[in-house]
Every structure is written in C-alpha cells, then in structure tokens.
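Q: Attaching a single structure in structure tokens format; questions to follow.
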Amino acid sequence: MGNETHPRHAAAVSPDLKAANLLRLRRIEGQVRGLHKMVEEDRYCPDIIAQVASVQEALRGVSRTLMRNHLTHCAASAIARGGAEAERMYGEILDVIYKHLR
C-alpha cells in the first residue's frame, strides 16, 4: 500500500494476535484447497458458492482484526503526533476502508 522501496512493518502486534491471524489464515488456506477440489470434482455450483462466501467472510474477519490493530497502534500514534503525519494517516485509513474493506 505505498510506493516504498522497503516494506513497512506494523508498529505493534501482540504475539497472540499474530498467532491467531496466522491460524485463521492457515484455516482459510485449507478452505481454498477444498474449493479447488470441489471445482475439480464438478460439485454443485450453489455448494461451491456457499464455500466461497465462507472464505470471504473468514478473510473479512482477518481484515477486521488487522484494521483494529492498525487503528489502536499505528493510527493512534500518528494522530496523536498531529500535523502532516496525522493528515497522512487519515488519508491512509480512508484509502484502506474504500479500497479493501468493501
């Protein structure tokens, strides 16, 4: 989400939150593999669509967790500092909401 040469890193992520997100993502990987198998096996389309919806909701859950962490740590710090940094953060938050959390 930026034009940086080097990737940015989160300001603060608790080990428990990171572990929970990684576990959720592993489960989602398994769900996607299951979808792949369902398509290969020509399963009934509504059944596949239901599973796609389940994966999408699981990904939204990861996004919500990440957004909460970003707002609690990175955004709160930038906004507290004020000025141009706060303005950039407001813009970043809006970009994330508009582009990624639909």
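Q: Among the listed residues Leu35, Leu66, which satisfies the condition of being at pLDDT below 95, among the hydrophobic types (A, V, I, L, M, F, W, C) and in a helix (DSSP H, G or I)?
A: Leu66
Per-residue answers, yes or no, for (1) closer than 23 Å to Ala75 by Cβ; (2) of a type outside the set (D, E, K, R):
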{"position": "Ala10", "(1), (2)": "yes, yes"}
{"position": "Ser14", "(1), (2)": "yes, yes"}
{"position": "Asn21", "(1), (2)": "yes, yes"}
{"position": "Leu25", "(1), (2)": "yes, yes"}
{"position": "Ile28", "(1), (2)": "no, yes"}
{"position": "Gln31", "(1), (2)": "no, yes"}
{"position": "Gly34", "(1), (2)": "no, yes"}
{"position": "Asp47", "(1), (2)": "no, no"}
{"position": "Gly61", "(1), (2)": "yes, yes"}
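Q: Scan segment 15-58 residue by residue and report those that are touching a residue at least 12 places away in the same chain (Cβ under 8 Å) and polar (S, T, N, Q). Quick ask: steps written out before the conclusion?
A: Residues of segment 15-58 that are touching a residue at least 12 places away in the same chain (Cβ under 8 Å), as a first pass: 17, 20-21, 24-25, 27-28, 31-32, 34-35, 38, 48, 51-52, 54-55, 58.
Matches in segment 15-58: Asn21, Gln31, Gln51, Ser54.
Q: Checking the conditions here, which among Arg68, Arg88 is within 18 Å of Val13 (Cβ to Cβ), among the charged types (D, E, K, R) and loosely packed, with under 13 Cβ neighbours inside 10 Å? Outline the logic, then answer.
A: Details: Arg88 fails: within 18 Å of Val13 (Cβ to Cβ).
Arg68 is the lone residue from the list that is within 18 Å of Val13 (Cβ to Cβ), among the charged types (D, E, K, R) and loosely packed, with under 13 Cβ neighbours inside 10 Å.
Q: Looking at segment 93-102, can you tell me whether even one residue there is outside any helix (DSSP H, G or I), surrounded by fewer than 12 Cβ atoms within 10 Å (Cβ to Cβ) and of a type in the set (Lys, Arg)? Before the answer, list the steps.
A: Step one: filter segment 93-102 for residues outside any helix (DSSP H, G or I), giving 101-102.
Remaining after also requiring surrounded by fewer than 12 Cβ atoms within 10 Å (Cβ to Cβ): 101-102.
Those left that are additionally of a type in the set (Lys, Arg): 102.
Within segment 93-102, one or more residues are outside any helix (DSSP H, G or I), surrounded by fewer than 12 Cβ atoms within 10 Å (Cβ to Cβ) and of a type in the set (Lys, Arg).
Q: Let me ask something additional. Tell me, yes or no, whether segment 3-17 has at least one residue that is surrounded by 11 or more Cβ atoms within 10 Å (Cβ to Cβ) and either in contact with a Phe, Trp or Tyr (Cβ under 9 Å, 6 or more places away or on another chain) or part of a helix (DSSP H, G or I) (or both).
A: Yes, because at least one residue in segment 3-17 is surrounded by 11 or more Cβ atoms within 10 Å (Cβ to Cβ) and either in contact with a Phe, Trp or Tyr (Cβ under 9 Å, 6 or more places away or on another chain) or part of a helix (DSSP H, G or I) (or both).
Q: Within segment 72-80, can one find any residue that is closer than 30 Å to Ile28 by Cα and aliphatic (A, V, I, L, M)?
A: Scanning segment 72-80, I find at least one residue that is closer than 30 Å to Ile28 by Cα and aliphatic (A, V, I, L, M), so the answer is yes.
The values are calculated or read from the model by the stated rules, or taken from the named source; none is laboratory data. Bear in mind that the values here come from a model prediction, so they are computed numbers and not experimental data. No Cβ is skipped: glycine too gets one built from the backbone with ideal geometry, and neighbour counts run over all protein chains shown.
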